Amino acid sequence: MEDFPVELVRNFSIIAHIDHGKSTLADRLLELTGTISKRQKGVNAQVLDKLKVERERGITVKAQTASMFHTPPSTPSHRYLLNLIDTPGHVDFAWEVARSLAACEGALLLVDATQGIQAQSISVFHIAREHGLVIVPVLNKIDLPAAQPDRIARQMEATFGLKPDDMLHISAKTGVGVERVLEAIVNRVPPPAGDRNQRLKAFMFDSSYDRYRGVISLVNIKEGILKKGDKIVSTFTRKKYEVLELGIMHPEETPTTTLQAGQVGFIACAMKDSSEAHIGDTLHRAGEPVEPMPGFKPTKAMVFAGVFPVDSNDFLKLEESIKKLTLTDRSVTVQRDSSTALGQGCRLGFLGTLHMDVFRQRLEDEYEANIIITAPTVPYQVVYKEKGDKEKIVTISNPVDFPDMTDISSKVKEIREPLVKATIIVPEEYLGEMMDLCFSHRGEDMDYQYLEGASDTESTAEASRIILTANMPLSEIVTDFFDKLKSRSSGFASFDYEEAGYKRSDLVKMQFLLNAKPVDALALIVHRSAEQSVGRAWVKKLHKVIPRQLFEVPIQAVVGKKVIARETLSALRADVTAGLYGGHYERKMKHLENQKESKKRMKRVGSVDLPQEAFYDLMSTKK
């Protein structure tokens, strides 16, 4: 590693919308540099998609690092170290993207030549610009019959201000033009600004957990040299560690003797507690303090859900699994939770519903957890009246803590819900469908413009794609909005969103009663306009999953003291007259009346528990 001073190091990332060929391009770069062996024809290894969930879903959810060595044909005397820090493409993993870009000096902006700019392309481009990165535009999939590279190039020029002459036309699948990408990385991406003779300053941008070695940290050496056996100190926790192992990802862990300024690699230093690995931390040599780096803004959880073990005895095992998994995904917030219906569990905060679903799948795949996850909710602000003109704002993410109707009328000044600015990119013929979808989900302040910025003289085909923006409540898009978006646009629409503050709203808490007793785990916060439809839908679902009792069970959706919807679960009935052969009619009626009275007493004193299996069935059914 001493042979690679900062002048011969390039740290770069690949940024793109989901499914634009990011992982495939990473494979080709690794092959061309000899980091991995050549693929079989028609097989895409997707080496950097290491998680089972990534391979099953065909998306990247976790940033990965790979170091490559490359000797350009134009300068055979120079051998370069290229550090690729891969990024996810979905809006829910924007924090992973920001974290990866903080360790880079340049980024390949990859755009599909058949689909053009998508919502996430715009989002990640602005994140890269905020970090001051050099952008290398790349048009992928030019080998496909539907590719329109010239039109997409004009689109990128109008949207991003990038010159068409600077754009590389490639096919990552076939390998056409990928050599020019390597050449552009060497020539256009600037080297890191570091000095190996300064005091050690290492920036921690990711971490993972190994059951034998403890926490493995990914670091970018900003200044100085790090060697095996060095004593290092965290500026965040002030704890001291000894570097037991260090190296580069090539693409698997490859030990080296040193890491120096500009280089990216991993370190293992017997850090046993996952809470000590603080993402954005600055590490320095013991006795040689340095000015800490700015780090990252803490993430804001946008979606909350309760996670409970199916078997309540597995709670401690589940909690430990969640701690280890959050080490690789620091954007998840965790706190303990309990429910009368489901027992002990954890309440987790996520950046979106796909993020929540991927975390659930990783818990099941990597830790064999058997869990129930409750309906997703968003954080609401409740403004309480105080003495004088003062007010107290409380953020509530659990429906159980939401004030009742009596408290709302007497103690609460107003309730606010989070808004997002949604961006939808869609072909012109689906604009009406998208506007109707936004209206039905309480969308406001809608605006649209043609994406390409085509002039009047150009054909209408040039201006056929539209950017639609709208302000929408976050609670409206965390359920099935994305599924409806794809189905109503025949899969052509792309979607992205960003926070847009809070707005006053007419919200109420809906509870569900089984035999007049509330089930806390089923409580929901809904908008007043949707209480009828939501109440009826959930009552019908409960009617299907709750097992029948020996007495009649009313299932009710209630807002305050008002019953919104009701279904009645009929009683199991034994045939008490089966043994009476012949005999008087009054004798049969006496048995039936006795049975009726018994059921009345049972209903009065009996309790109906929602079994965990029924709860699991309820939460796994689509809304």
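The values are calculated or read from the model by the stated rules, or taken from the named source; none is laboratory data. A quick note: this is a predicted structure, and the numbers were derived from the prediction, not measured. Cβ atoms come from the backbone with ideal geometry, glycine included; neighbour counts cover every protein chain shown.
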Selection within the stretch 507-525 - closer than 11 Å to ILE555 by Cα and either of a type outside the set (Phe, Trp, Tyr) or in a loop (DSSP other than H, G, I, E, B) (or both): GLN511, LEU513, LEU514, ASN515, ALA516, LYS517, PRO518, VAL519
From the options SER37, SER67, SER23, residue that is of a type in the set (Gly, Ala, Ser), surrounded by fewer than 23 Cβ atoms within 10 Å (Cβ to Cβ) and modelled with pLDDT of 75 or more: SER37
Meets criteria (farther than 28 Å from SER475 by Cβ and surrounded by fewer than 19 Cβ atoms within 10 Å (Cβ to Cβ)) for ASP357: no
Matching option when the condition is over 19 Å from ASP480 (Cβ atoms), touching a helix residue (DSSP H, G or I) at 6+ places or on another chain (Cβ under 7 Å) and modelled with pLDDT of 85 or more, among TYR380, TYR367: TYR367
Condition check for ILE279: at pLDDT 90 or above and either outside any strand (DSSP E or B) or over 30 Å from GLN381 (Cβ atoms) (or both): no
Count of the stretch 236-265 residues which are among the hydroxyl-bearing types (Ser, Thr, Tyr) and either within 16 Å of THR282 (Cβ to Cβ) or surrounded by fewer than 17 Cβ atoms within 10 Å (Cβ to Cβ) (or both): 4
Test: residue in the stretch 287-297 that is touching a residue at least 12 places away in the same chain (Cβ under 8 Å), within 27 Å of ALA98 (Cα to Cα) and under 16 Å from the mean Cα position of the chain (by Cα): no
Count of the stretch 232-266 residues which are part of a strand (DSSP E or B), farther than 25 Å from PRO190 by Cα and β-branched (Val, Ile, Thr): 3
Checking SER275 against (1) surrounded by 20 or more Cβ atoms within 10 Å (Cβ to Cβ); (2) among the hydroxyl-bearing types (Ser, Thr, Tyr); (3) within 29 Å of the chain's Cα centre (by Cα); (4) farther than 25 Å from SER13 by Cβ, the condition it does not meet: (1)
Residue in the stretch 209-231 that is among the polar types (S, T, N, Q), outside the structural domain of THR328 (by TED's automatic domain parsing), surrounded by 22 or more Cβ atoms within 10 Å (Cβ to Cβ) and not in a loop (DSSP other than H, G, I, E, B) present: yes
Residue that is in contact with a strand residue (DSSP E or B) (Cβ under 8 Å, 6 or more places away or on another chain), at pLDDT 85 or above, of a type in the set (A, V, I, L, M) and in a helix (DSSP H, G or I), where the choices are LEU318, LEU327: LEU318
Neighbours by Cβ (under 6 Å, 6+ apart or cross-chain): first from the stretch 333-346, surrounded by fewer than 16 Cβ atoms within 10 Å (Cβ to Cβ); second of a type in the set (D, E, K, R): GLN335/ARG347; THR340/ASP520
Enumeration of residues in the stretch 491-517 that are crowded, with 16+ Cβ neighbours inside 10 Å and either under 17 Å from LYS561 (Cα atoms) or free of Cβ contacts under 8 Å to residues at least 12 places away in the same chain (or both): LEU507, VAL508, LYS509, MET510, GLN511, PHE512, LEU513, LEU514, ASN515
Options ILE225, ILE185; residue that is closer than 20 Å to GLU7 by Cβ, under 31 Å from the mean Cα position of the chain (by Cα) and modelled with pLDDT of 90 or more: ILE185
